[in-house]
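The values are calculated or read from the model by the stated rules, or taken from the named source; none is laboratory data. As the structure is a prediction and not an experimental result, all values here were calculated from the model. Because the Cβ atoms are built from the backbone with ideal geometry, glycine has one as well, and the counts that use them run over all protein chains shown. Note: accessible area is taken over every heavy atom of the protein model, side chains too, but ligands, DNA and RNA are not part of it. Shrake-Rupley method; radii C 1.70, N 1.55, O 1.52, S 1.80 Å.
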Amino acid sequence: MVGAFDAEIAREESLKSGPWINARYNSVPVYTVPSGQPTVRVTLDHSPPAPSLSAAWSSVPLPKGAKPATGTDAVLVVWQPSTSRLWEFWRLVHRSDGWHASWGGAMRDVADRNGVYGSSVWPGAQSYWGVSASSLAIAGGLITLEDLQRGRIEHALSIAIPNVRAGVY
């Protein structure tokens, strides 16, 4: 897999088209909010219903002007350091009746967690929560401004692979 990744990087460099870091389209905007941020309900539009996830989204400190990533996934993460809570949303949209999302997750005590969704991260949480389809919180693999300023990345990365197909590595 690493060999294929290296070959893709070499190909993009030879075409002068990359590699690059996507910061806008299908990226992950992270809103870091203060302790007094007003909260809103985010309605879970999912079938079958997921009552615990709906409950976790009943009071989210989502800023009024928040904008999910452009692209089909419309991802957005809210991080509130004062409460050590994180919410992530997939296909987040603001409609006339408020915010809606198709899926996502929520974590309490984020600073003390390993970033994996499961029963201990929120009452009623499930291992299949989260945007990444891996049980990993998507924020954990992001390259941050601090990483770039430091000149090194000292954590696992979340990457998107083009042309993914079942059974092909």
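Given R₀ = 22 Å, what would the calculated FRET efficiency be for D109 paired with L145, taking r from the Cβ atoms and rounding to 0.05? After rounding to 0.05, the efficiency reads 0.35. Here the chain has 56 percent of its accessible surface on carbon and sulfur atoms, given a 1.4 Å probe and all protein chains in place. Net charge in the neighbourhood of R91 (other residues with Cβ under 13 Å of its Cβ; Lys, Arg +1, Asp, Glu -1) is -2. For the chain, the longest principal axis of the Cα atoms and the long axis of helix 2-14 meet at an angle of about 70 degrees.
Seen from V40, the other residues with C-beta closer than 14 Å to its C-beta sum to a net charge of +2, counting Lys and Arg as +1 and Asp and Glu as -1.
In plain terms, the chain from K64 to V116 could stretch by 15.9 nm, reckoned as 0.36 nm per residue minus the Cα-Cα distance. Relative to the Cα centre, the charge distribution of the chain, modelled as +1 at Lys and Arg Cβ and -1 at Asp and Glu Cβ, gives a dipole magnitude of about 360 debye. Compared with the alpha-carbon gap, the fully stretched path from E8 to Y128 is longer by 40.1 nm at 0.36 nm per residue.
Taking a sphere under 11 Å around the Cβ of W122 and counting the other residues whose Cβ falls inside, with K and R at +1 and D and E at -1, yields a net charge of +2.
Remark: the chain carries 63 Å² of accessible area per residue (probe radius 1.4 Å; ligands, DNA and RNA excluded).
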